[in-house]
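Peer 1: What follows is a structure written as structure tokens; I'll ask about it next.
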Amino acid sequence: MKRIISALLVALLMFSFVSCMGNSAKTFTSNGMSITLTNAFKENTYEGYTVCYESKDVAVFVLKEAFSLQEGLDEMSLDDYAELVYAANASKSPSKISKEDGLTFIEYDFHNEEENQTYSYYTVMFKGTDAFWLVQFTSKKEDYDAKRQSFVDWAKTVEFDS
């Protein structure tokens, strides 16, 4: 009986160890930007985005808008860029532009008609040395409140090549 209990205890400990490993930090780098997520994420591609990362319940969509796209773009402030992003998403009724924890962001919901599912977005804007960056974290609306702090934490890990 002691052997069975010991074997079950070892199996339980191994399962706990493997479960913890499933959420270890992993840094992804693409196109001059790095972000630390967890190893539950995989890099993917979506038309219109520079790079995307997906897990079973969260997606991160990244858009790099190089200063070379338009003359004078490099002279625009992050606040000016945030106003443009806000205006472009006006149909989604975004929250006002906010600043918290050193991040500039908006939040909004989007209903995907094809899936009949509403997603909530935490959209962070950054200004790098050669581009503005839009990093959108999204999950199903019903999961958003539980995931929001992770979105903030992950956004704070974003770095750019100098």
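The values are calculated or read from the model by the stated rules, or taken from the named source; none is laboratory data. Keep in mind it's a predicted model, so treat the numbers as computed, not measured. Here the Cβ positions follow ideal geometry from the backbone for every residue, glycine too, while neighbour counts run over all protein chains shown. All accessible areas refer to the heavy atoms of the entire protein, side chains included, with ligands and DNA or RNA removed. Shrake-Rupley method; radii C 1.70, N 1.55, O 1.52, S 1.80 Å.
Peer 1: Would you check if there is a residue in segment 88-95 being touching a strand residue (DSSP E or B) at 6+ places or on another chain (Cβ under 6 Å) and modelled with pLDDT of 95 or more?
Peer 2: No.
Peer 1: Identify, please: which residue in segment 95-109 is in contact with a helix residue (DSSP H, G or I) (Cβ under 7 Å, 6 or more places away or on another chain) and either more than 23 Å from D161 (Cβ to Cβ) or in a loop (DSSP other than H, G, I, E, B) (or both) and is, among those, most open to solvent (accessible area, probe 1.4 Å)?
Peer 2: Among those that are in contact with a helix residue (DSSP H, G or I) (Cβ under 7 Å, 6 or more places away or on another chain) and either more than 23 Å from D161 (Cβ to Cβ) or in a loop (DSSP other than H, G, I, E, B) (or both), it is D101.
Peer 1: Please go through segment 118-143 and pick out each residue that is open to solvent by 20 Å² or more (accessible area, probe 1.4 Å), hydroxyl-bearing (S, T, Y) and modelled with pLDDT of 95 or more.
Peer 2: T118, Y119, Y121
Peer 1: Test E115 against the stated conditions and say whether it is assigned to a strand (DSSP E or B) and open to solvent by 30 Å² or more (accessible area, probe 1.4 Å).
Peer 2: On the way: assigned to a strand (DSSP E or B): no; open to solvent by 30 Å² or more (accessible area, probe 1.4 Å): yes.
So E115 does not fit the description; no.
Peer 1: Let me ask another. When residues of segment 118-148 are filtered for being in a helix (DSSP H, G or I) and either over 11 Å from the mean Cα position of the chain (by Cα) or more than 18 Å from D101 (Cα to Cα) (or both), how many remain?
Peer 2: Result for segment 118-148: 6.
Peer 1: What do you reckon, is D161 open to solvent by 30 Å² or more (accessible area, probe 1.4 Å), over 28 Å from N39 (Cβ atoms), over 17 Å from the mean Cα position of the chain (by Cα) and charged (D, E, K, R)?
Peer 2: In short, no.
Peer 1: Could you list, in sequence order, all residues of segment 144-158 that are basic (K, R) and surrounded by fewer than 15 Cβ atoms within 10 Å (Cβ to Cβ)?
Peer 2: Hit for segment 144-158 is K156, nothing else.
Peer 1: Moving to a separate point now. Can you tell me how many residues in segment 83-94 are surrounded by 13 or more Cβ atoms within 10 Å (Cβ to Cβ) and either within 13 Å of F110 (Cα to Cα) or free of Cβ contacts under 8 Å to residues at least 40 places away in the same chain (or both)?
Peer 2: Summing the residues that are surrounded by 13 or more Cβ atoms within 10 Å (Cβ to Cβ) and either within 13 Å of F110 (Cα to Cα) or free of Cβ contacts under 8 Å to residues at least 40 places away in the same chain (or both) in segment 83-94 gives 6.
Peer 1: From I106, I97, grab the single residue that is touching a Phe, Trp or Tyr at 6+ places or on another chain (Cβ under 8 Å), among the aliphatic types (A, V, I, L, M) and more than 21 Å from T50 (Cβ to Cβ).
Peer 2: From the options I106, I97, the qualifying one is I97.
Peer 1: Continuing with this model, one more query. Could you list all residues from segment 83-94 that are outside any helix (DSSP H, G or I) and either within 16 Å of V124 (Cβ to Cβ) or in contact with a helix residue (DSSP H, G or I) (Cβ under 6 Å, 6 or more places away or on another chain) (or both)?
Peer 2: Keep residues of segment 83-94 that are outside any helix (DSSP H, G or I), which gives 89, 93-94.
Answer for segment 83-94, where residues must be outside any helix (DSSP H, G or I) and either within 16 Å of V124 (Cβ to Cβ) or in contact with a helix residue (DSSP H, G or I) (Cβ under 6 Å, 6 or more places away or on another chain) (or both): N89, P94.
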